[in-house]
Amino acid sequence: MENFTYFNPTRIHFGRGQIAAIDGELPPRSRVLLLAGGGSIRANGVHAQVLKALGGRTVFEFFGVEANPDFDTLMKAVVLARAEKVDWILAVGGGSVLDGAKFVAAAVPYAGDPWEILQTRGSKLQSALPIGTVLTLPGTGSEANGAAVISRRSIRQKLAFIHPLAFPRFSVLDPETTFTLPERQISNGIADAFTHVIEQYLTYPAHAAVQDRFAESVMHVLIDEGPGSVKSPTDYDARANVVWAATWALNGAIGAGVPQDWASHTIGHELTALHGIDHARTLAVVIPSLLDVQRPGKGAKLAQYAERVWGVSGGSEASRIDAAIERTRAFYESLGLRTRLRDYSVDAATASEVAGRLRARGLLKIGERGDITPEVVERILRQAA
């Protein structure tokens, strides 16, 4: 385990009725931009609870943030926030809304072209508006980290940035706000969270016993509670465990001081940009093939994963790894996520296009060892076809 600094300033208000905690988090004279998606928060009562908690504060509303939030849409929110001299951003929704809020918060005071925030992965940020969130869809972990992923559909790009200024100051996690979500969204969120753990765990041994066992416990919770939470959406305890597991999957704790491999996200972002496939579903396509292709470098952790997470023992190491990869694929499928490109009417030819796009952006060595080249990406996607 290497030296590390673990930083997470987000205060969490977890449980039933916690939306009321917003009142104690925002200054009484705040000028707040409430950022939301398509309007489901009006139907499920969350919007009314948020407005009640905001009380007499000045509130401006911006609805319409898409799944895979779009730069051009978010720039309209930036214009509104600047015009109304907003001093807080309150995101109410799922990970896309939260990611969008981080971008808006960073873009409002940014002096240059806000697209540079994405192009430079946030390295030029010097200030940002404070952010609060009310999470209504678990999965991305955006409620407790400083990262955001933004699409720009007009040029078929999907880029990320990460910065300490993008951490929410507080986040409200009330599992009851997730009860009315469509099954597809809950399944996507569970798969997304599971993959976040894989990316921080399935690399190579780093003698990080706490992080390994913590990661394994989060995966066990998602395996044990995830499918049941999809089938019984109003089971509070199951949904609460899923919400909490998704937060811990990407709040920095299990990745502290250990190697990480975000290649599946890098590849998946290209599949979303090119073909419009849901983010989580791109991960379900990429991960099984990536683990197989990269097994020479990941073998020790894959064998550990097979035994500790899936209970696979006996036989050769190769057979145990085969079983672990197949059980991973089966888990995604059990949530309703198909795991082949052909399931999304995408053929193997996209492999070379994705590889070319990564090459054009200078992403020549990704993965925890820097050994996933564009050529390896093409091999992974052809295997995933």
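The values are calculated or read from the model by the stated rules, or taken from the named source; none is laboratory data. In this text, all values refer to a predicted model and were calculated from it rather than measured experimentally. FYI the Cβ positions are ideal-geometry reconstructions off the backbone, even for glycines, and counts take in every protein chain you see.
The table for this structure:
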read-out	value
Flag for residue 169 being over 15 Å from the mean Cα position of the chain (by Cα) and under 30 Å from residue 353 (Cβ atoms)	no
Selected residue [under 14 Å from the mean Cα position of the chain (by Cα) and among the small types (Gly, Ala, Ser)] from 323, 306, 249	249
Selection from segment 12-39 of residues that are over 23 Å from the mean Cα position of the chain (by Cα), part of a loop (DSSP other than H, G, I, E, B) and not basic (Lys, Arg)	17, 26, 27, 28, 30
Residue check for residue 192: charged (D, E, K, R), assigned to a helix (DSSP H, G or I) and within 15 Å of the chain's Cα centre (by Cα)	yes
Residue selected from segment 5-16 under the condition of a type outside the set (A, V, I, L, M), more than 11 Å from residue 134 (Cβ to Cβ) and modelled with pLDDT of 95 or more, by the criterion surrounded by the most Cβ atoms within 10 Å (Cβ to Cβ)	10
Within segment 304-314, tally of residues that are without any contact (Cβ under 8 Å) to a residue 60 or more places away in the chain and not in a loop (DSSP other than H, G, I, E, B)	2
Meets criteria (over 22 Å from residue 19 (Cα atoms) and among the β-branched types (Val, Ile, Thr)) for residue 197	yes
Options 112, 100; residue that is out of contact with any strand residue (DSSP E or B) (no Cβ under 7 Å at 6 or more places or on another chain), farther than 23 Å from residue 362 by Cα and in the same structural domain as residue 26 (by TED's automatic domain parsing)	112
Residue in segment 105-112 that is under 29 Å from residue 240 (Cβ atoms) and either at pLDDT 95 or above or small (Gly, Ala, Ser) (or both) present	yes
Selected residue (only one of 353, 368 is over 29 Å from residue 213 (Cβ atoms) and among the acidic types (Asp, Glu))	353
Some residue of segment 315-338 being without any contact (Cβ under 8 Å) to a residue 60 or more places away in the chain, closer than 18 Å to residue 271 by Cβ, outside any helix (DSSP H, G or I) and assigned by TED's automatic domain parsing to the domain that holds residue 219	yes
Selection status of residue 376, touching a residue at least 60 places away in the same chain (Cβ under 8 Å), among the hydrophobic types (A, V, I, L, M, F, W, C), surrounded by 15 or more Cβ atoms within 10 Å (Cβ to Cβ) and farther than 21 Å from residue 271 by Cα	no
Residues that are touching a His at 6+ places or on another chain (Cβ under 6 Å) and within 19 Å of residue 93 (Cβ to Cβ), drawn from segment 1-24	21
Some residue of segment 133-140 being among the β-branched types (Val, Ile, Thr) and either surrounded by fewer than 23 Cβ atoms within 10 Å (Cβ to Cβ) or modelled with pLDDT under 95 (or both)	yes
Per-region count, segment 40-82, residues part of a loop (DSSP other than H, G, I, E, B) and out of contact with any Ser or Thr (no Cβ under 8 Å at 6 or more places or on another chain)	4
Residues that are assigned to a loop (DSSP other than H, G, I, E, B) and among the small types (Gly, Ala, Ser), drawn from segment 95-130	111, 112, 122, 123, 127, 128
Residues that are touching a residue at least 40 places away in the same chain (Cβ under 8 Å) and among the acidic types (Asp, Glu), drawn from segment 197-244	199, 212, 216
Hits in segment 327-362 - residues which are farther than 20 Å from residue 275 by Cα, among the aliphatic types (A, V, I, L, M) and touching a helix residue (DSSP H, G or I) at 6+ places or on another chain (Cβ under 9 Å)	335
Every residue from segment 132-167 that is part of a loop (DSSP other than H, G, I, E, B) and touching a helix residue (DSSP H, G or I) at 6+ places or on another chain (Cβ under 6 Å)	136, 137, 138, 139, 140, 141, 146, 156
Failed item, numbered, when residue 300 is tested on (1) among the aliphatic types (A, V, I, L, M); (2) under 23 Å from the mean Cα position of the chain (by Cα); (3) assigned to a helix (DSSP H, G or I)	(2)
